[in-house]
Every structure is written in structure tokens, then in C-alpha cells.
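A short reminder: the numbers here are calculations on the coordinates, not readings from a lab. These numbers come from a predicted model, not from an experiment. Neighbour counts run over all protein chains shown; Cβ positions are idealised from the backbone, glycine included.
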Amino acid sequence: MTSHIFNPKLDRRTLIKGAAALGAFQMASPFIIQARGETPIRMGMVDPLTGVYAAPAGNEVMGAKLAVAQMNAKGGILGRQVELLVEDSANDVGTGVQKARKLIERDQVNFMIGDVNSGIAAAIAQVTAEKKILHIVSGGHTDSITGKDCKWNVFRVCNTTRMEANSVSGVLFTKYGKKWHFITPDYAFGHTLYDACTDDLKKLGGSVTGNELTPLGTTDYSAYLIKARAANPDVLILLVQGSDMINCLKQVVQFGLHKQIHVAGTQQELESLASLPPEARIGVWMFEWYWKQPGIAGVEKFVADIRKVNNGNVPTARHWFGYTSAMTFALIANQEKTTDAVKLAAALENFELPDDVKLQPNKVYYRKGDHQLMTSAFVGEAQSKGKDDAEDLFRVDEIVAGDKTAPAVSETGCNVQWPS
Amino acid sequence: MWQLLLFNVTNGLIIGAFYVLMALGLSLILNLSNVINFAHGGFLVIGGYIAYTITPYIGFWGALLLAPPLTAIIGLAVERVLIRPLYGRDPLYSLLLTFGLAFMIEDGTRFIFGPQGKPVTIPAFLAQPLSNELFFITGYRLFMVAVVVIAVALLFLLLRYTRLGIRIRAGTLDLDTVAALGINVQMLRSLNFAVGIFLAGLSGVLAAGQLGLEPTMGTGLLMPSFIAIIVGGIGSLPGTLAGGLLIGVASGLTAVFFPAASEAVIYVMMAVVLLLRPRGLFGEEGMMS
């Protein structure tokens, strides 16, 4: 009847194809940030610049860029300028691996940094081990990376989930109570963090009332919160991160749950607290690094340097992760006067970071045996508003050294196999 | 257990109401113009960020009134410049265009506002739960449902009793004949698109008050809206309404028994509906064939 001039009919197959494409859209990488130069020393960095971890990933990249600028100003690595090539993993394992391979095979990077997402970090570690590239996992926390799946070439700057749990579990138990209910992100990081927390809780004599496994990128937590409340715990432990943490904590406060149950967790980040309205900045947590450390060498300068490139905002732990990861390569390569990955990896065992890189009071070193950085945990409480600075959103009560929170190497399951 | 189920059904209806708002906008555009608007989540984000930007000057209520029409104006411009030239072509063209547009909006928002989320504060009296028992029913969530009910009612009145609405409905059934009767079809499509984007903008303002406002916010909300349309029936606005509520309740109930599958369940529902009743629960047979 109609000529369909105005209305070319859309069939159901087209619509379903469209829906499938939308699914792909959620995982696809929209753009690539790349910095190219002529210098031969190249650091590759793979991080999820899009998706739920975009904010922390962006900050890790910013920290690494600052490190590269500083090392180039001091002559680079072995007298050669350094360039940083950044790729977006789009928070997808397949994409992350593909980008890592591209950086190694096509761009010929000497070193690799990444990823925020534990699952992607672990997958990239397989690639870097295969290609014999020295790799520092900047922000993926799951235990296995420096545990049962550890590798000779892989080192890690951020805490393990076990270290995070060990740093704060005792405080939460003593302060808030013994019945815990968990909201856990349903992937590697969440699972190991949950295991670590429940192990600690068991040792302390507490019990778990339930665990809500939530898909990464969940927007509405109300159904999980209803279930958690019905279980009547003493503490609601939030293990989610990034925008999941923001969405969850915001709903917790809107529901007034924090007035009925204590709300806390392990890892908290300044990116999340800054994104929350003041009333939702609550709870006891651990930070992996904090910008306000009066009297600690180098911190003031680092804060000032980051402010210059971060719209005047202070650095977060993620800036420090990126900065420390990149600086480690420069420090060890200049010390050993080589870029050979095997020699550098061996030299990094028990390598202690200098004051102007560690930026915290305790001794910080890459532990021999599992390659985990013994970095501190900053345990304290979220503040709705900063007293002297609007970004001072966390009150640090205690800085616990890494070798106090980390389990012994023999307990990690790590058995480093060196190339023959 | 019964209380838990009842709570989750109620909660699911509240979540579903929000999906309805998104899905109705999508459905309007799809029904009249055959455009699968992948950028709908992007327009939601634009609405949220406009509200965030103007709230310090005109307050939450002013932003609620102003951000949706401003988003609709942006939508109108996009329709005029980018989408209109593709109307005569295969629908895949506009699908690909809006697919790319969604990326551009997300990255553009990230470029302007940064990747870090923005805190949006809602009026204090709305940020309170009804009671300790009914803690999940907050003033803001009730307000959201009220806004959705009003928006849906106004939309149905518009479509039923106004000349524009009658033309949109007629165009949905047979646009060529509507054009033959002398009606400016291009204008009709533009206005219809603007109404759809207005609803996306309104969703954005409401979502920003409850969720974290960030560039990726729209992506997670878009898929349930598409599924609401498919489950409810393509071409049927009441079907979209039912589909949105249904997937909200299904998601809420699944969270009680199998939390990890609370998102997957809506995709399962879509698959089941497509297998057993491909036109959707309320869709007309042959509507999209």
C-alpha cells in the first residue's frame, strides 16, 4: 500500500542486530590516547580509560606522565629520553590483552604498566611473561597476581586484597561489630577481597550474614540493600569500587541504612569520595596512599606537581601508583645500567624506593619471593568536608607498614619461576 | 521471606518506572522514524550534566524544569543536522550514526567535565526514607515515580488529544499516507524526536539525583530500556510501559534468590519473549516486519 519513501521499514532482525551492537558498545574502546616520540626507551601503559574505572585509570596515567616528564628532565633512562604510550583497555580483558600485544609487538615497548582491573592485569601478565617484558601492575589488587599466578617479570605497586583486608578488619570488628554482610563486585578483585575479609573475620570470631555478588557496572543497588538489611548485620561491608562504590554508597545514605547499620569497607578512594555528596562520605576504610602527610619528605612537592596538571586538584593514590610504577623502571634501569628484563627483575627483588618516590613514612620495597611492594595502608574515616582543604576528605588514624599487613611469602602461594 | 518478596516487587516497580521513562522516549523515536537511537543514553547524560551545571544558579527545581527542554533543543539540532538526511535510507545508517554519536557524547562529556563523577545533591526533604521499615522508599524515589506518572500521563494525553499527537500516531501506522495528506512529515519527525529526547533529558536529571553522575551513566541504563521495548512490544507505548515495569520487578525478585543474575535475567526475559511471542507482549503483529 505504501511506497515506504518516508518510512523504510525496520525489521526485527535489524533491531536485534542493534541490540547486539549495543552490547558490544559497552565493551568497545572509543579512542586511543597515544604519545609518540623519537626516543628509543618506551613504556607501555594499559588502563581502562573508559568505563567504571575511568577516573582512577586517568589518574594513574597522569601520575605516570609526571614521572616520565621528571625522569626526562634528569636525563631519562641510560641517557635516553623516555616516552609513555598509553592504551585504553576499555575495562575488557580481551581488549586489554590485544592492546598489550600491540604495545609489545608493534611499538616495541621496553616496560609495561597496568591495569586497574585485576582480571585484565592478570591477563596482561601472561602476555608480558611470554614476551619477557618487565611489567608493573599499578592498580589491580587481586591476590593471585603476586600469589599463585606470580611471574618473574611481574611486580605490583598497589596492595593485595589480603593486605587491604588485614589492615582494616581488626578495626572494623572492634569498632562496629561481629556480624558482617558484604556487597561484592562479581569478578576476581571482589572474590579475593571477600575471601580475605571472611578469613580475617573468622579468625576474629565473627560471622557472615550474607554476600551479595553484584555485576560490575551495577547502577541500582536497592534490591541488594533490601536483602542485606533483612539479614540484620552489625556492619555492611562495601567491597565495590569506582562508580559502583559511588552508586552504592549514595543509595545506602538515601535509604538511611547508615543510621541502622554501620557502613564501612576495605579500600576507599579519593576519586569516589569526591564524587559523592557530603552526606554520603561516611565509614571506616583504608586508603592506599593519601596526599595529606605533614612532614613526610617529598609529599608536598608531589602534591604541588600534580596540582599543576590536574586542574589544581590534589593527587590520589592512583596518581601515586602510576608515578611509582614508572619511576621504578627508571630507578632500577639507571642503577643496573641495562634494560634487560631478567637482570632488572632480579635487581628489583628487595629494592627499596627512595624518599622522593615512596612518599610515606614506612620502609617501602618490592619483596623478594612474590614481587609485591610492601606499601603502607592508611586506615581512617571518611570526612564529609575537609577542614583546611576541600579535598581533605579522609582522616588518617594510622599508617600501617606493608610488611605488617602482607601475609608471609610462603602463604601467598607464589613460586617464581625464572627463565633459564 | 514474604516481606522480602513484597519489598522487592515494590522496589522493582520503582526501578521499572525509571526504565519506562527512558524506554518511552526511545519507543517514540523508533515507532515514528524507525531510528534505533543508540545515543539515547548519551542524551540522558547530557540532561544530567546540564542539570549539574545550572543547579548552582537556579537550584534543583529550576534545573529539573530547564534541563529537559535544553536537552530536547540539542536533540532537535542533532536530528536536523545528522539524522534527517538518513531518513530515506536503510535504518542501519541511522543506527550506526547514533552508535557513533553515543561515543562522541560520552567522550565529549569526559573531555569537558573529566572522568571523575560529579556530586549532585537533592533537596534534603526528599533524601529521607518513609520509615525505618520501608527504608527503600525514599522521598526522592517517590518523587521520581510521581514525575514518571505525570510524564506518562501527559504523553498519553498529548498523543490522544492534540493534533501533534494524532499525527504522530497516524505516522507510526503509515507515514507515507500522512505525508500524502499534506502534513509536514519532516517537522513531525523533528518534534517527535524532540519529545523523545525531552524524556531522556528528564531521565538524566532524575538519575543524577540518585546515581553517580558520570559520562558512562547512560550506557548502563540504555540496555534495560531497549529490552523494555522488545518485551513490551515494538510499536506499542502501553507495551513499553508494561515492559519497563516487568523487567524492573524481574530484576528485583532475582536479586533475592540469585543476586549475581539480577541483570542477566532481563536478557533471559527478552530471549524468551522473542522465542515465544516475537512481537512482544503487547506489540501488534507485523508491526516491524
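Only helical DSSP H runs with n ≥ 4 go in: add -39500 (n - 2.57) per run for chain B, normalise by residue count and round the 222 nm mean residue ellipticity to 500 deg cm²/dmol.
Computed mean residue ellipticity for chain B: -25500 deg cm²/dmol.
Give the distance, in whole Å, between the Cα centre of the range A:65-89 and the Cα centre of the range A:247-284.
Each part reduced to its Cα centre gives a spacing of 37 Å.
In peptide B:254-266, how many Cβ atoms from other protein chains are near each Cβ within 10 Å, on average?
4
Working from the pairwise distances between different alpha carbons, so that the mean of 1/r is found and then inverted, what is the protein assembly as shown's Kirkwood radius in Å?
26.4 Å
Can you bin the range B:79-205 into rounded, prolate or oblate? Criterion: square roots of the alpha carbon gyration tensor eigenvalues sorted a ≥ b ≥ c, rounded for a/c under 1.5, prolate for a/b above b/c, oblate for the rest.
oblate
Full extension from A:A73 to A:V342: what is 0.36 nm times the residue separation minus their Cα-Cα distance, to one decimal in nm?
Extra length available between A:A73 and A:V342 comes to 94.1 nm.
Compute the signed sum of charges (Lys and Arg +1, Asp and Glu -1) over the other residues within less than 13 Å, Cβ to Cβ, of A:G298.
Here the count lands on -2.
From the backbone phi of the range A:397-411, what are the Karplus-calculated ³J(HN,Hα) couplings (6.51 cos²θ - 1.76 cosθ + 1.60, θ = phi - 60°) in whole Hz, Gly and Pro given as x?
Ordered by residue, 3J(HN,Hα) equals 9, 7, 10, 9, 5, x, 6, 8, 9, 7, x, 4, 3, 5, 8 Hz.
For chain A, just run the numbers: alpha carbon Rg, then divide by 2.2 N^0.38 Å, N being how many residues it has.
Normalised Rg, Cα atoms only: 1.01.
Applying the Karplus parametrisation 6.51 cos²θ - 1.76 cosθ + 1.60 with θ = phi - 60° to the phi angles of the range A:111-125, what ³J(HN,Hα) value in whole Hz is obtained for each residue in order, glycine and proline being reported as x?
Per-residue couplings from phi come out as 9, 9, 10, x, 9, 5, 6, 4, x, 6, 4, 5, 5, 5, 4 Hz.
Counting DSSP beta bridges with both partners in the protein assembly as shown, what percentage is antiparallel, nearest 5?
30 percent
Work through the residues other than B:A208 whose Cβ is under 15 Å from its Cβ and net out their charges, Lys, Arg +1 and Asp, Glu -1.
Overall, the nearby charge balance is +1.
Please compute the net charge surrounding A:I261, taking Lys and Arg as +1 and Asp and Glu as -1 over other residues with Cβ under 11 Å from its Cβ.
That works out to +2.
Rounded, prolate or oblate, given the Cα gyration tensor of the range A:85-180, with a/c below 1.5 counting as rounded?
prolate
Can you give the calculated 222 nm mean residue ellipticity of chain A, where each DSSP H run of n ≥ 4 adds -39,500 (n - 2.57) and the sum is split over every residue, rounded to the nearest 500 deg cm²/dmol?
After summing the helix terms and dividing by the residues of chain A, the value is -12500 deg cm²/dmol.
Whole Å is fine, so just give me how far the alpha carbon centre of the range B:67-98 lies from that of the range B:193-237.
16 Å
Rounded, prolate or oblate: which one fits chain B, using the alpha carbon gyration tensor with axes a ≥ b ≥ c (rounded when a/c is under 1.5, else prolate when a/b beats b/c, else oblate)?
oblate
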